[in-house]
Every structure is written in C-alpha cells, then in structure tokens.
Amino acid sequence: MSEVETQLRGLFVRGLQGDAVAYRECLQQMARHLRAFLARRLFGWPDDVEDLVQECLLAMHNQRHTYQSDQPLTAWAHAIARYKLIDLLRAKSVREALHDPLDDEMELFADSATEASDARRDVQGLLAELPDRHRLPIVHVKLQGLSVAETAKLTGMSESAVKVGIHRGLKALAARMRKDAA
C-alpha cells in the first residue's frame, strides 16, 4: 500500500469517527488527488475538472457510509470519479469532441481504454446475473439513456414495473458488490 493511500485512508477513517480536522485534511488531499486523476482524463476540457472534483467530493461525503475501511480509499474514490465522469460526458454530449480532428501526434492513453474495458466487462458480468425484469430496465434507462416510457414500450412492461425493476436491480447489484468486496 502506498504512503499516500495509507495517509488518506487514515485521515478518512479518523474523519468517519468524528475527527473534523482529519476529515477536512482528507478532503483537501483527496481534492488534489482527484484533480490530477481527472485532469489526465479530461485533457480537452480543463474547465470541467474543478466542477467534477467538487461533485466527487460531495458524492464521497454523501456515500461515506458505504466505504469499507479494509479496502483502498483511492480505489473507492476513483470509482466515484469514473461514474461522475461518465455523467459529465453524457451531459455534455460527446458530439462536441467529434468535431475536433485527431492529430497523428495525439497521445492516446491505453490505461483509460483498459479501465473502460474492465469496467464494461465488470458491469456486464454483474448485469448478467440479474433477471430480465431487473436487467432490461437498467440497461435501457441507465446505460442507454432511454426514458422510462420508452423502456416500458420496448420491453412490454408497465412504467411502474420499469421503475421498480431499476430500483430492485440496482439494490441487488449494490448488495452483490458489497458481498464481493467482503
């Protein structure tokens, strides 16, 4: 375990136990860490990095009860950052980037592609374990961006069944992930 990981994890755990000074220090250090992590991935949109860092810190604060102290803090923070990054890219509509020509000299980051591929494989594996009534609503609404009404029409389910399927499916996925992490 790296020195940075050990220090951040110690500060975060003390913060969870009520040490406000340690928690503040952890968030300040985590902000620097996330800023560097996200800047490598958003090299074309530097103005969005700071907004995304703040969203990540807020999500970490709101979801701090989900952190398992025997796991690396930075891995948990990176997972949150990746989800926030995906949300940002969906909101910005990546079409903006499609208008920029690719230069031959532009460096492509293999680790980003590898991380995305690993994440996609992990999500597909988890989703495959769900019954269709839970999996299909999640795939159509959360991953493909269809509305609840469009998903209901496509799957033949009622709109309320789609909403329930998403809720129960996400709950089952979270339980599975907690079980796997333990």
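Just so you know, all these numbers are worked out from the coordinates, no wet-lab data involved. None of these values were measured; they are calculated from a predicted model. As a convention, Cβ positions derive from the backbone with ideal geometry for all residues, glycine included, and neighbour counts pool all protein chains shown.
Things worth noting here:
- What the Cβ-Cβ distance of GLU5 and HIS65 gives, at R0 = 22 Å and to the nearest 0.05, is a FRET efficiency of 0.60.
- Annotation for ALA39 and VAL123: the two label points, set 7 Å from Cα along the Cα-Cβ direction, are 2.7 nm apart.
- Cα-based shape type of the range 112-181, given that a ≥ b ≥ c are square roots of the gyration tensor eigenvalues and the cut on a/c is 1.5: oblate
- Packing-based order for 129-135, 165-171, 155-161, using average beta carbon neighbours within 10 Å, highest first: 165-171, 129-135, 155-161
- Estimated from the Cβ-Cβ distance and a Förster radius of 35 angstrom, the FRET efficiency linking ALA20 and ASP180 is about 0.60.
- Prolate is the label for the range 3-93, because a/c, from the alpha-carbon gyration tensor with a ≥ b ≥ c as root eigenvalues, is 1.5 or above and a/b exceeds b/c.
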